[in-house]
Amino acid sequence: MNEKGLIQILGAAGTVTGSKYLIESQGKKFMVDCGLFQGLKELRLLNWNNLPFDVSTIDFILLTHGHLDHVGYLPRVVQAGFKGKIYGTAPSLEIAEIVLKDTGKIQEEEAEQANRHNYSKHVPAKPLYDLQDVGRTIPLFEEIKTDEWIDFGNDIKVCYHTNGHIIGSAFIEIHVGGKKLVFSGDIGPQEDVLLYPPNRPKEADILFVESTYGDRLHPKENVLEHLKEIIQQTVSNGGTLIIPSFAVERTQTLMYLIWQLKQSGALPDVPLIMDSPMGANVLDVFDKYREWLKLSKEDFSAMTNIFQVISNYHDTITAIKNKSPKIVIAGSGMLTGGRVLNYLQEYIGKKETTLLMVGYQAEGTRGRQLQEGAHEVKIYGKFYSVNARIETIKGLSAHADQNGLLQWLSEIKTKPERVMIIHGEKQVADTFRVKIKDVYGWDGTVPKLNDIIEW
């Protein structure tokens with residue numbers, strides 16, 4: 001069987017989030033990733049749309065990793081009738097379960113809060129999906145091992161290869177319809193505090209490559225020194241340092257760096273708080289799959305033990321009411337929800353507070369607004385003045401920069417037939433398209449939402 005095929009772009013086209021791709025070939029339909037759009041309201045509204053086909057006809061879904069913008073739409077397709085298997089590496093599936101349960105709970109709570117305080121134009125406000133939908137999704141998960149070709153029948157074979165970024169993350173090679181498709185997922189940097197360098201593809205007929213930082217280089221800053229200075233200055237001012245952080249990888253990296261400062265005697269004696277139920281669960285995944293990490297069992301235990309790990313909301317309120325200096329790591333990383341918003345309500349108006357951004361802030365998020373100098377921020381329907389100092393450390397990205405992305409492509413010796421630049425804001429993706437042309441002579445395309453590629 002060698003029939004023609006198609007790929008439909010259902011997300012992460014001209015934007016960073018919402019990763020979703022439908023492949024049809026060999027009498028099969030399957031998806032790579034199934035993520036939520038985040039950021040701008042016009043993007044978030046897309047999450048309420050059903051996919052433009054009958055999802056009950058999808059045979060299976062392949063996940064590159066467990067971040068929300070790659071897995072967060074799964075309960076919606078299950079709602080709509082999908083009953084196939086959902087494949088990913090073991091750590092990715094455990095991360096996805098944690099992320100989906102957290103998101104389902106947040107969706108329920110936000111709908112309830114909107115109804116109670118009457119700040120939604122929808123009456124009643126409803127969650128995008130709830131914990132029951134998540135409960136119907138998890139049993140469909142099926143583990144896939146890395147570096148092994150898996151036969152899906154109908155002349156479709158799949159192989160996962162680790163690519164840094166977060167624990168469990170992989171790029172996917174797919175042999176289908178006589179072509180080799182490669183989906184990069186999110187590519188990690190060469191040098192990472194916790195993870196090994198990403199593997200690289202050797203060949204691709206149709207290549208999908210992310211471009212989150214495709215227009216820039218990460219600064220060569222001394223992250224540990226910069227973090228030390230921010231902590232010391234904030235504490236000397238009698239303030240609290242709040243670090244919004246993604247619960248997967250970034251939180252653990254920050255914990256590791258703060259532990260290093262503690263080890264060297266450079267850390268002031270203040271409470272260290274990691275306030276994220278999801279982050280606490282992710283620590284368990286790290287402990288279970290430590291072969292993915294550079295960190296030893298002893299160092300992992302020592303790092304964890306210096307933090308007060310908060311899961312209970314009552315303990316969050318107690319921590320917020322304690323006005324003495326402290327360091328708080330809390331989700332979510334782009335300030336789109338989570339416990340960090342409760343801290344901001346209390347602390348964003350205080351000039352002695354420092355809010356430290358350590359990850360990518362998508363368009364339309366509170367994080368991006370604050371990075372760009374917003375003088376007020378809206379939280380749960382109310383505006384709060386911004387008097388806190390806003391700082392950014394750029395050297396902690398879990399994404400490769402432009403050089404790292406080009407390096408990732410460097411072992412592909414034969415020019416791909418098609419190169420699709422995805423997972424980047426439009427201008428960024430186009431800049432990376434031009435750079436690929438300059439360096440490798442490959443013609444790339446920045447696809448639009450719902451574009452269809454045929455072969």
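Computed quantities for the displayed model
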| item | result |
| --- | --- |
| Residues of segment 24-35 classified as open to solvent by 10 Å² or more (accessible area, probe 1.4 Å), touching a residue at least 60 places away in the same chain (Cβ under 8 Å) and of a type outside the set (Lys, Arg), total | 1 |
| Candidate set: segment 78-92, residues that are part of a helix (DSSP H, G or I) and of a type in the set (Gly, Ala, Ser); chosen: the one surrounded by the fewest Cβ atoms within 10 Å (Cβ to Cβ) | 90 |
| Verdict on residue 139 being crowded, with 18+ Cβ neighbours inside 10 Å and part of a helix (DSSP H, G or I) | no |
| Verdict on residue 103 being part of a helix (DSSP H, G or I) and either in contact with a Pro (Cβ under 8 Å, 6 or more places away or on another chain) or open to solvent by 20 Å² or more (accessible area, probe 1.4 Å) (or both) | no |
| Filtered residues of segment 1-23 (kept if at pLDDT 95 or above and open to solvent by 30 Å² or more (accessible area, probe 1.4 Å)) | 6 |
| Cross-chain or 6+ apart pairs with Cβ under 6 Å, segment 77-91 first and within 13 Å of residue 61 (Cα to Cα) and basic (Lys, Arg), then open to solvent by 40 Å² or more (accessible area, probe 1.4 Å) and outside any helix (DSSP H, G or I) | 85/142 |
| Selection from segment 357-398 of residues that are in a loop (DSSP other than H, G, I, E, B) and under 21 Å from residue 258 (Cα atoms) | 358, 359, 360, 393, 394, 395, 396, 397, 398 |
| Segment 284-315: number of residues that are buried (at least 17 other Cβ atoms within 10 Å of the Cβ), touching a residue at least 24 places away in the same chain (Cβ under 8 Å) and either in contact with a strand residue (DSSP E or B) (Cβ under 7 Å, 6 or more places away or on another chain) or part of a helix (DSSP H, G or I) (or both) | 9 |
| Segment 211-233, residues that are basic (Lys, Arg), under 30 Å from residue 267 (Cα atoms) and open to solvent by 60 Å² or more (accessible area, probe 1.4 Å) | 220 |
| Condition met for residue 262 (open to solvent by 40 Å² or more (accessible area, probe 1.4 Å) and either in a helix (DSSP H, G or I) or touching a helix residue (DSSP H, G or I) at 6+ places or on another chain (Cβ under 7 Å) (or both)) | yes |
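The values are calculated or read from the model by the stated rules, or taken from the named source; none is laboratory data. Just so you know, these numbers come straight off a predicted model, no measurement behind them. Please note: Cβ atoms are built from the backbone with ideal geometry, for glycine as well, and neighbour counts cover all protein chains shown. What goes into the accessible areas is simple: the full protein's heavy atoms, side chains included, and nothing from ligands, DNA or RNA. Shrake-Rupley method; radii C 1.70, N 1.55, O 1.52, S 1.80 Å.
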